[in-house]
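The values are calculated or read from the model by the stated rules, or taken from the named source; none is laboratory data. Keep in mind it's a predicted model, so treat the numbers as computed, not measured. Neighbour counts run over all protein chains shown; Cβ positions are idealised from the backbone, glycine included.
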Amino acid sequence: MNATSIELAHSAFQAIAHPILICNTDNKIIMANYAAQDFFSTSESRLKRQQVDDLVAPSSPLLNLLDRVRGRDAGSREHRIPIANINMPEERLVDAHATPMANDSSLTVLTLIERTMADKIDKQLTSRGAARSVIGLAAMLAHEIKNPLSGIKGAAQLLEQSAEEKDRPLARLVQEEVGRIVKLVDRMEEFGDERQPEFTSVNIHEVLNHVELIAQNGFAKGMIISKHFDPSLPPVLGNWDQLVQIYLNLFKNAAEAIVGQDKGEIVVSTAYRPGISIGIPGTGNRMSLPLEICVEDNGGGIAEDILPHIFDPFVTSKQTGGGLGLALVAKLVGVHGGIVDADSAGGRTKMRTLLPISKPKRAKKGAMRNE
């Protein structure tokens, strides 16, 4: 192999998006690409002074994988391996593939594929199908429940008029509770609305500024809201009203989390993140989701046992609330072809949505430019 070929191979190795380590029979690291350096938050020179054993727990399946590959001189893989060490702020989940080097069997190539986003995308795509049956049931129940509730409320109003003074608070309590149930049923009906909204090119920053104005003059009055926007962000393909509803719910959740805190803050950010795409069901096409919008708060975080289910209906970490706000967010984001996920660590909670961009329509061949 000449110098040009070696340089080209090295450039290709460094350009691979997944972390790759090359190690010897003692698990000593010989080479690490840029993605591996970023993944382990350290330089190649420091990695080369370490063994793979130094990067993982002593009982890690990663070490068994390397031993197995050397034992049979053939490639092998392990799925969903947790990796954590002193340089990493939180545990990360990976699929690992190890294979002997083609021209030197004493070296092993170890490739790590992070599972975090893949798992979240898979979970949301799987749950959307199951949600359709729940949506149908919710719509039917909402319709059937509201009819008798109207009768109960009317009867309570009549009872209040004829009841003795000491019994009137009970009649008013019945009316208030019926009103509360009606509001809950109304929210359930929102899940049953399967009509496809009209999509246009929407400036997401205009949506976020509009939502901030509502929040600052209502539920988030006096709270600190910091914005970090990427001004070059292209427009999103979406429905204005539904996008406002998505981020109004996320702002409201964040505001409720920091109520009563002296240093409570909501941070809203946007960024362009190429590389994430999902398959469109029923077609062979894939949709790119490069627009990232995050709403973050420092309200104490979400309990670890609730976090994986935070977008399910009737699941909530708040003392009050019906647990439908984030479920509706997940539904509306799904209608837009996007995904939403939640991260919570160190007392901070980040709600991240990924949405598709609005691509300009190509002019038809032969069409006049100055129509």
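Quick look at the values:
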quantity: Residues being of a type in the set (V, I, T) and farther than 11 Å from N27 by Cβ - total across the range 56-70; calculated: 1
quantity: Matching residues, the range 61-90, being under 16 Å from L21 (Cα atoms) and either among the hydroxyl-bearing types (S, T, Y) or touching a residue at least 60 places away in the same chain (Cβ under 8 Å) (or both); calculated: S76
quantity: Filter result (at pLDDT 70 or above and hydroxyl-bearing (S, T, Y)) within the range 104-119; calculated: S105, S106, T108, T111
quantity: The range 271-304, residues that are at pLDDT below 70 and either outside any strand (DSSP E or B) or out of contact with any strand residue (DSSP E or B) (no Cβ under 8 Å at 6 or more places or on another chain) (or both); calculated: G275, I276, I280, P281, G282, T283, G284, N285
quantity: Test: residue in the range 62-80 that is of a type in the set (S, T, N, Q) and assigned to a strand (DSSP E or B); calculated: yes
quantity: All positions within the range 207-228 that are among the polar types (S, T, N, Q), surrounded by 12 or more Cβ atoms within 10 Å (Cβ to Cβ) and out of contact with any Lys or Arg (no Cβ under 9 Å at 6 or more places or on another chain); calculated: Q216
quantity: Test: residue in the range 168-188 that is at pLDDT below 70, closer than 30 Å to A32 by Cβ and under 27 Å from the mean Cα position of the chain (by Cα); calculated: no
quantity: Given (1) touching a helix residue (DSSP H, G or I) at 6+ places or on another chain (Cβ under 9 Å); (2) without any contact (Cβ under 8 Å) to a residue 12 or more places away in the chain; (3) charged (D, E, K, R), number of the condition R172 does not satisfy; calculated: (2)
quantity: Checking L63 against (1) closer than 21 Å to Q14 by Cβ; (2) modelled with pLDDT of 90 or more, the condition it does not meet; calculated: (1)
quantity: Selection within the range 13-43 - free of Cβ contacts under 8 Å to residues at least 40 places away in the same chain and surrounded by 17 or more Cβ atoms within 10 Å (Cβ to Cβ); calculated: N27, I29, M31, A32, N33, A35, Q37
quantity: Residue satisfying condition, being in the same structural domain as K331 (by TED's automatic domain parsing), modelled with pLDDT of 90 or more and outside any loop (DSSP other than H, G, I, E, B), within set S232, S226; calculated: S226
